[in-house]
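Here's the structure, in structure tokens; my notes come after.
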Amino acid sequence: MRILISNDDGIHAPGLVALHAALREIGDLEVVAPDSEQSAVGHAITLSDPIRARPVCRENGFRGYAVGGTPADSVKLAVCALLTEPVDLVVSGINLGPNAGISVIYSGTVSAATEGTILGIPSMAISLATYTDPCWDTAGRVARLLVRRLAERPLPRGVLLNVNVPNRPWDRLAGFAVTRMAESRFVETFDRRADPRGNVYYWMDGYLQPTGDAEGTDLAALENGFVSLTPIHFDLTHVPSLDRLRAWNLSMV
Ligand code: MN
């Protein structure tokens, strides 16, 4: 099995090294990832600048390319230009921090996997729900188990698997939960500061606030210690609204 691994934390991020270590025994790995942190860039792509790719070779067979672009750029460039053979799977992560609820919309980690599905390749995004003291071993073990399963029993074309792992030792995980994206929003705070020349600038921060029924959601699963598995589809159509829109009975007269 040939697997392309990528992320949004950048090619030097410990989570990508952990993902490589977890998957190298079950597949031939190609690493193509942004050369710097690209968290929260969503599905941005680079059209107005050149995209440079620099070969990277590290210990334990960690080899590939550092890309001067976004996560989506990295996957596109890997599949369409850099790699000489097709890959069977795209895995993005392991992200430092959860990608659950509305975070999915902003996530570069998820977008790398979305790009994989757009290109017709089964894909998975995996994130560890912490910003401190990450249990990479736990997330790596989850990644290995789910990659095997995804390869055996792929999801429908165009659907990616978004995985969030609670930050705790493997034997303290509560289990696996199949979930939906929690209805939620970010409550932003803008820290107003001044630079040394007195020019005002702002620094965005915020927290994720659930806004709907928590039952069956990714956020609830994490809260209860379950690994959350959410199938994500890049078709953004809200199907239940189609009939409502047709009932507008628009015409040209
Ligand atoms: Mn990130």
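The values are calculated or read from the model by the stated rules, or taken from the named source; none is laboratory data. Keep in mind that what you see is a predicted model, and the values were worked out from it rather than measured. Using ideal geometry, Cβ is built from the backbone for each residue, glycine included, and neighbour counts are taken over all protein chains shown. These area figures cover heavy atoms from the full protein model, side chains too; ligands, DNA and RNA do not enter into them. Shrake-Rupley method; radii C 1.70, N 1.55, O 1.52, S 1.80 Å.
Calculated FRET efficiency, S36 and R168, Cβ-Cβ r, R0 35 Å, to nearest 0.05?
0.75
Need the full-extension length gain, D235 to R58, defined as separation in residues times 0.36 nm minus the C-alpha distance. One decimal, nm.
Going from the current span to full extension adds 60.0 nm.
Strictly greater than 18 Å: what percent of every Cα pair in the stretch 140-182 meets that?
34 percent
Pull up all non-local amide H partners of V32: gap of 5 or more, or a different chain, and H-to-H distance under 5 Å with H placed in the peptide plane.
It is I5, Y65, by chain and number.
What number results when the radius of gyration of the stretch 124-253, computed over Cα atoms, is divided by 2.2 N^0.38 Å?
Relative to the rule-of-thumb radius for its length, the stretch 124-253 sits at 1.46.
What is the set of long-range amide H partners of G101 at a cut-off below 5 Å, with H atoms built 1.01 Å from backbone N?
Amide H neighbours of G101, under 5 Å, 5+ apart: A182, D218, L219.
Kirkwood Rh, the stretch 196-253, all Cα pairs: how many Å?
With all distinct Cα pairs of the stretch 196-253 included, I get 16.9 Å.
With a 1.4 Å probe and all protein chains left in place, how much accessible area per residue does the chain have, in Å²?
Value returned for the chain: 55 Å² of accessible area per residue.
What are the extents of the Cα atoms of the stretch 102-176 along their three principal axes, in Å, largest first?
So the three principal-axis extents are 35, 29, 16 Å.
Starting from the Cα-Cα distance between Y207 and E223, subtract it from 0.36 nm times their residue separation and give me the gain in nm to one decimal.
So the extension gain works out to 4.2 nm.
From Cα coordinates alone, what are the radius of gyration and Dmax values for the stretch 1-101 in angstrom?
Every Cα atom of the stretch 1-101 included, Rg and Dmax give 12.6, 39 Å.
Got a sec to turn the phi values of the stretch 13-25 into Karplus ³J(HN,Hα) couplings, 6.51 cos²θ - 1.76 cosθ + 1.60 with θ = phi - 60°, whole Hz, x for Gly and Pro?
5, x, x, 6, 4, 5, 5, 4, 4, 6, 9, 5, 7
Can you give the Kirkwood hydrodynamic radius for the stretch 21-74, in Å, rounded to one decimal and based on Cα pairs?
For the stretch 21-74, inverting the mean 1/r across all distinct Cα pairs yields 12.2 Å.
With θ set to phi - 60°, apply the Karplus curve 6.51 cos²θ - 1.76 cosθ + 1.60 along the stretch 236-242 and write out the HN-Hα couplings as whole Hz, x wherever there is a Gly or Pro.
Each residue's phi maps through the Karplus curve to give 8, 4, 8, 4, x, 7, 4 Hz.
Using θ = phi - 60° and the Karplus relation 6.51 cos²θ - 1.76 cosθ + 1.60, list the HN-Hα couplings for the stretch 77-89 in order, rounded to whole Hz, with x at every Gly or Pro.
Along the stretch 77-89, the couplings run 5, 4, 6, 8, 9, 7, 7, 7, 10, x, 9, 8, 8 Hz.
Over the chain, what percent of the accessible surface lies on carbon and sulfur atoms, probe 1.4 Å?
The computed percentage sits at 53.
For the stretch 163-220, what is the convex hull volume of the alpha-carbon atoms per residue, in Å³?
117 Å³
What whole number of Å gives the distance from the Cα centroid of the stretch 178-253 to the Cα centroid of the stretch 44-100?
26 Å
Which residue, R197, R63, R157, tops the fluctuation ranking in a GNM of the chain built on C-alpha contacts under 10 Å?
Residue with maximal mean-square fluctuation among R197, R63, R157: R197.
Quick one: which residues, 5+ away or cross-chain, put their amide H under 5 Å from the amide H of S92? H built at 1.01 Å from N.
Here S6, M124, A125, I126 satisfy the definition.
Report the calculated FRET efficiency for R197 and T46 (r = Cβ-Cβ distance, R0 = 41 Å), to the nearest 0.05.
0.85
Enumerate by residue number the chymotrypsin sites (Phe, Trp or Tyr not before Pro) in the stretch 60-141 meeting two conditions: DSSP loop (anything except H, G, I, E, B), and at most 15 other Cβ atoms within 10 Å of the site's Cβ.
Those that pass, being in a loop and sparsely packed, are Y131.
F190 to R148: extension gain in nm, 0.36 nm per residue of separation minus the Cα-Cα distance?
10.9 nm
At q = 0.11 Å⁻¹, what log₁₀ I(q)/I(0) does the chain have when each alpha carbon counts as one equal point scatterer in the Debye sum?
Here the Debye-derived log intensity ratios amount to -0.60.
222 nm [θ] for the chain, helices only, -39500 (n - 2.57) per DSSP H run of 4+, per residue, to 500?
Calculated mean residue ellipticity at 222 nm is -6500 deg cm²/dmol.
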